[in-house]
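S.K.: Can you read through this structure? Questions will come right after.
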Amino acid sequence: MGKEIKYITNFLILIVISITILIGSSLAWNITQEYETARQLAKVEAKGSYNKDLVFRRWASLHGGVYVPITDSIKPNPHLNFLGEQNVTTTTGKKLTLINPAYMTRLVFQLGAEHYGQKGHITSLNPIRPENKADAWETKALKLFEKGETEYSSIEKIDGEDYMRLMQPMHVEQSCLKCHSDQGYKLGDIRGGISVSIPVSNYKNIVQARIKSMSYTHLLTYFIIIFFSALGYRRIIMEMKKRNKAQKIILQNDSILLQQNNDLRIAKEKAIESDRLKTVFLQNMSHEIRTPMNAIMGFSSLLPAYFDDKKCLKEYSTIIMQRCDDLLCIINDILDISKIESKQITTHIEECKLGDVIDSINYFFTEELGRQERENINLVITNLEISNFTFRADFGKLKQILGNLISNAIKFTVKGSIEIGFKINEKEQLEFYVADVGIGIHEKDQELIFERFAQVEQGANRIYGGTGLGLSIVKGLVDSLSGKIHLQSELNKGSIFTVYLPQLSKNVQKPSSNITKPNVDFNFTDKNILIVEDDIPNARYLQEVFNNTSANIILAYNGYDAIKITKQTSLDIILMDIRLPDISGYEITQQIRKENKEVIIIAQTAYASSEDRQQAYDSGCNEYLSKPIKSKKLLAVVNKYITEAVIS
């Protein structure tokens, strides 16, 4: 415990140091940026002052200088004695003298320095007047100008204060030659330059105010982070102390600890076995998925090459459909075992007719023989005299139990008969059995086969395919119906699975409707069929299914469009997807039913559970089809309702 607290404390110290460095670095960087901003602003002001001074001088040059009164401070310029009009007298007797542009600029600089603190100096490396001599900084700048530089600036000390000093060169213009031609200058030569010095103190107050504000902000952020870090540290220490106390209580009870160790050992063994079974299951599942997928992808790639060969095209299409059915069975098994494991199975009890169950078995048996590519197997159903008997059960789960048992019997029977029998026993339970003459199951494996992930036959040399979930699903479904399942089997002679289901009476519903077998041709002339489907490939597939039926197909890719179409168009059939981008198919159906009780609504959705089916019926759908939807079945369902509408 002490080591853990020390570790947490050191970690907190490291965090505090890191935060301090981070906040300090951020503040330092921001302060640097503020000073750089002030420097740039001072430079901008200096450039503005330079441009102003240059314009003044250029104006004076264009006009040959200016005349000003002669005073004690302004005397005639001896360097301009060669001009005949250097000194003039006005009509009123006032004496004026001509000052050149450089002198005028220097006077303006003096005035600016007195009033605003801005300093200026017009200078050159070869000045006429001593006052225009360049200082060390200006000399450096002028020499750089001679090398091609166009500007020079820096922060310098003048009289103990910081100034932004800026200097740019002056080029000889035509108006300059009047006074400087004897010095050998030509147009475009660098005559000298104007330096401007702006006091940085003008910006210091602003910068210091901003730095003060940033400092407060950074300190506040720093203290908030430290505060919450301290709270977190205190909470962790408290939790660690609580945990230590609980551990001491556990360690004091040796007998409990020994029992827990023993339980952990047993749990570990079970976990290892479960992990082994899961590994075998996943390997098997990978094989079961990849095998049909290989056929689907392989024969799909061959279809374009054999498109004109109708025999091959039909054969390949049949194989693809069979393999798709195999994949669908695997998906359904995975979903079913997931619901069973999570205890999310719900039941929907209804009045069931034994004859309907028998018809479903016959239909399923025929399809399953084709799917498993098995021959020489017959189906025998006993007690047909009670086919009109009705009983209460979950019709969907009953069909699923029988389907899994029949599929299992076909898989392990090479040749012979599969027998199915029904009766109501003395306990008024529905009792039925599925018997085969297959390979049988060894007595030691008869309990194992109902366990999830478990198969009697394992390894790479397995003869029989399948996910190994079928009987686990059967056991889970039987348990959900409060029933029991019994196995009687002898190795190499066959197996008999007997199921006992009580007749449940809670929430009895009407029997599920049966769909007649599909006809060869369908004619839906003058029938308006709305397909509500947001997935474009699926919508196109449904549209193609009705391509040869003469039906008028209308498409809606979202719920609101579907509602709008139902209000504007007289419809006979609506194929309603449930999951849509805006509102669900359940909501759409409920809104349609408020105004239209007659239109036939068939749910077509990738949701495939019995709960989803019941929700579709509750919302107002007439029928429910789960994806993938076979074209013949879809046409048969639509034909059934259209035929009923015509008869009525």
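S.K.: Taking the DSSP beta bridges in the chain as the whole, what percent of them are antiparallel, to the nearest 5?
M.R.: Approximately 70 percent, going by the DSSP bridge assignments.
S.K.: Now a separate question. Would you mind telling me the share, in percent, of accessible area of the chain contributed by carbon and sulfur at probe 1.4 angstrom?
M.R.: Carbon with sulfur: 55 percent of the solvent-accessible area.
S.K.: Would you tally the net charge around Val357, using a Cβ to Cβ cut-off of less than 14 Å, leaving Val357 out, and scoring K and R as +1, D and E as -1?
M.R.: That sum, taken over residues with Cβ under 14 Å, equals -1.
S.K.: Compute the relative contact order of the chain as a whole-number percentage, counting only Cα pairs closer than 8 Å that sit 6 or more residues apart in sequence.
M.R.: 8 percent
S.K.: Would you mind working out the accessible area per residue for the chain, using a 1.4 Å probe, and quoting it in Å²?
M.R.: 59 Å²
S.K.: Using θ = phi - 60° and the Karplus form 6.51 cos²θ - 1.76 cosθ + 1.60, what ³J(HN,Hα) does each residue of segment 101-115 get, whole Hz, x for Gly and Pro?
M.R.: These are the phi-based 3J(HN,Hα) values: x, 5, 5, 4, 5, 5, 5, 5, 4, 4, 5, x, 5, 5, 8 Hz.
S.K.: One quarter of the convex hull surface, Cα atoms only: what value does that give for segment 553-648 in nm²?
M.R.: About 6.1 nm², averaged over all directions.
S.K.: Taking θ as phi - 60°, what are the ³J(HN,Hα) couplings along segment 39-50 by the Karplus curve (6.51, -1.76, 1.60), each to the nearest whole Hz, with x for Gly and Pro?
M.R.: 4, 5, 5, 4, 5, 4, 5, 5, 5, x, 5, 4
S.K.: Size of segment 1-109 along its principal axes in angstrom, Cα-based, largest extent first?
M.R.: 107, 27, 24
S.K.: Turning to a different aspect of this structure: For the chain, what is the calculated [θ] at 222 nm in deg cm²/dmol (nearest 500), taking -39500 (n - 2.57) for each run of four or more DSSP H residues and dividing by its residue count?
M.R.: For the chain, the value works out to -18000 deg cm²/dmol.
S.K.: For the chain, with only Lys/Arg (+1) and Asp/Glu (-1) charged at the beta-carbon, what is the dipole magnitude about the Cα centre, in debye rounded to 20?
M.R.: Roughly 2980 debye for the chain.
S.K.: In terms of Cα to Cα distance under 24 Å, which lysines are near enough to Lys270, apart from those fewer than 8 places away along the same chain?
M.R.: Cα-Cα hits under 24 Å: Lys278, Lys339, Lys343, Lys444, Lys475.
S.K.: Over segment 241-281, what portion of Cα pair distances is larger than 17 Å, expressed as a whole percent?
M.R.: Beyond 17 Å sits 52 percent of the P(r) for segment 241-281.
S.K.: Continuing with this model, one more query. Label Ser550 and Thr643 with points 7 Å out from Cα along Cα→Cβ: what is the distance between them in nm?
M.R.: 1.8 nm
S.K.: Follow-up question, since we're still on this one. Above 14 Å lies some portion of the pair distances; for segment 372-436, what is it as a whole percent of all C-alpha pairs?
M.R.: So the pairs more than 14 Å apart make up 62 percent of the total in segment 372-436.
S.K.: FRET efficiency for Ile237 and Ser215, Cβ-Cβ distance as r, R0 = 35 Å, nearest 0.05?
M.R.: Efficiency, from the Cβ-Cβ distance: 0.60.
S.K.: Which whole-Hz ³J(HN,Hα) couplings does segment 157-168 yield from phi under the Karplus relation 6.51 cos²θ - 1.76 cosθ + 1.60, θ = phi - 60°, glycine and proline marked x?
M.R.: Rounded to whole hertz, the list is 8, 10, 6, x, 10, 7, 10, 8, 9, 10, 9, 10.
S.K.: So, one more: Just reorder Met321, Met293 by solvent-accessible area, largest first, 1.4 Å probe, all chains present.
M.R.: The most accessible residue leads, giving Met321, Met293.
S.K.: Oh, and also: Once you have the Cα-Cα distance between Ile5 and Tyr116, take 0.36 nm times their residue separation minus that, and quote the gain in nm to one decimal.
M.R.: 33.5 nm
S.K.: Report, to the nearest 10°, how far helix 559-568 tilts away from the longest principal axis of the Cα atoms in the chain, using its own Cα long axis and a range of 0 to 90°.
M.R.: Compared with the principal axis, the helix lies near 70 degrees.
S.K.: Relative to the present Cα-Cα distance, how much length would full extension add between Ile226 and Thr89 at 0.36 nm per residue of separation?
M.R.: 41.1 nm
S.K.: Right, something else. Hey, with R₀ at 22 Å, roughly what FRET efficiency would Asn202 and Ala28 work out to, going by the Cβ-Cβ distance, to 0.05?
M.R.: 0.35
S.K.: Run the simple label-point estimate for Asn492 and Ile424 please: 7 Å along Cα→C-beta, distance reported in nm.
M.R.: Rounded to a tenth, the inter-label distance reads 4.3 nm.
S.K.: Taking every pair of distinct Cα atoms and averaging 1/r, then inverting, what Kirkwood hydrodynamic radius in Å comes out for the chain?
M.R.: 35.9 Å
S.K.: With r as the distance between the Cβ atoms of Thr390 and Ser286 and R0 = 41 Å, compute the FRET efficiency 1/(1 + (r/R0)^6) and round to 0.05.
M.R.: According to the calculation, E is roughly 0.40.
S.K.: Related question: Modelled label-to-label distance, Leu335 and Asp521, 7 Å Cα→beta-carbon offset: nm?
M.R.: Spacing of the two 7 Å Cα→Cβ label points: 3.6 nm.
S.K.: If I fit a long axis through the Cα atoms of helix 136-146 and take the longest principal axis of the Cα atoms of the chain, what angle between them do I get, 0 to 90°, rounded to 10?
M.R.: Compared with the principal axis, the helix lies near 70 degrees.
S.K.: Another question, if that's okay. Which of Ser300, Gly24, Thr91 sits farthest toward the positive end of the charge dipole of the chain, with +1 on the Cβ of Lys and Arg and -1 on the Cβ of Asp and Glu?
M.R.: Thr91
S.K.: May I pose another question? Among Asn262, Val474, Asn383, which residue has its Cα positioned farthest towards the positive end of the charge dipole of the chain, with +1 placed on the Cβ of Lys and Arg, -1 on the Cβ of Asp and Glu, and the dipole taken about the Cα centre?
M.R.: Value: Asn262.
S.K.: A follow-up question, please. Calculate, in nm to one decimal, what Glu611 and Thr382 gain on full extension: separation in residues at 0.36 nm each, minus their alpha carbon distance.
M.R.: 79.2 nm
S.K.: Mind listing which trypsin sites (Lys or Arg not before Pro) in segment 22-114 are in a DSSP loop and have 16 or fewer other Cβ atoms within 10 Å?
M.R.: Lys94
The values are calculated or read from the model by the stated rules, or taken from the named source; none is laboratory data. Remember, predicted model here, so these are calculated numbers, not experimental data. Heads up, the Cβs are rebuilt from the backbone with ideal geometry, glycines too, and the neighbour counts pull from every protein chain shown. Accessible surface is based on the protein model in full, side chains and every heavy atom, while ligands, DNA and RNA are left aside. Shrake-Rupley method; radii C 1.70, N 1.55, O 1.52, S 1.80 Å.
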